[in-house]
Amino acid sequence: MDEERARRVRPRWPVLTRTTLQLMPTLLPDVSSDPATLPRIRSQRHLDLVERTSGATDWSSRALHACLDHLLVSTVTEASRVWVVDAWPDHDDALCIVYRPPHDEGRVVGLRRRRRDAVEPSDWRIGDMTTWGYDMDPDVDPVRFGWNVADFDVGEPLGYVTTVLRYDVADIGWWGNLDDELPRPPAGR
C-alpha cells in the first residue's frame, strides 16, 4: 500500500454508540481490580490434593501441601490462573507438580523442586530460590519453600522456561531440578 493511500484509510473501529458504551465494562473488564476479587481457577484434583496432604508430617509432603494451599489464596503472582493436574512428594527432599501455567493454559508442564535448591547458591538458574522469594532459614522451612514454589515458579508465566522444557512420553514438558530420568507419579496413582 502506498503512503498516500495509507493516510486516507480510516481505522475500522466500530462507531461508538450508546449501546457500545454501555457494554464497554462487560467487554473490557477493569484490569486494575483487586487481584483478591478476581475469580480463581481450581481443579477438583487440586482441592483433593490439598485435603490429602493437610496432615502431612514429612518435609516433602508438608512443602507440597504449603505449595498447593498457597496457590488457592496467593495474590502475589498469577497463582489464581494455575490449573493443577497432579502433584506428589518426591522422596524426602523434593516435590513435583504437574499444571497448566498462567497465560499458556493449553500446555501441561511439570516442575520438580528439591530442598537443596533453597540453600545451595550457584550460577544463575531458572527459579533460583537463593536470590529472591520468602526467607527460608538454613533448615529450609517446608511452608516457605512451598510458598516460593507456588508464587515464583508455578504462579509465574513460563516465558524463557519454554525453551528448556524436557518432554516425557505423556507430552508433559518438565523443568526445574531434573535427573536423567524425568519424574513419574508414584505407582498406584
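Data table
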item	result
Förster-model FRET efficiency, 35 Å R0, Asp168 and Thr57, C-beta, rounded to 0.05	0.70
Gain on full stretching of the segment that runs from Arg116 to Ala187 - 0.36 nm per residue minus C-alpha separation	23.0 nm
Whole-Hz ³J(HN,Hα) from phi, Karplus 6.51 cos²θ - 1.76 cosθ + 1.60, for region 67-76, glycine and proline x	4, 5, 5, 5, 4, 6, 10, 5, 10, 6
Local electrostatic count at Thr77 - Lys and Arg +1, Asp and Glu -1, tallied over other residues with Cβ under 10 Å	-3
Percent of Cα-Cα distances greater than 16 Å, calculated over region 44-175	60 percent
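Where a number appears in this text, it was derived from the coordinates with a stated rule and is not lab data. Computed from a prediction, not measured in an experiment: that's the story for all the values here. Reconstructed Cβ throughout: ideal geometry from the backbone, glycine too, with neighbour counts over all protein chains shown.
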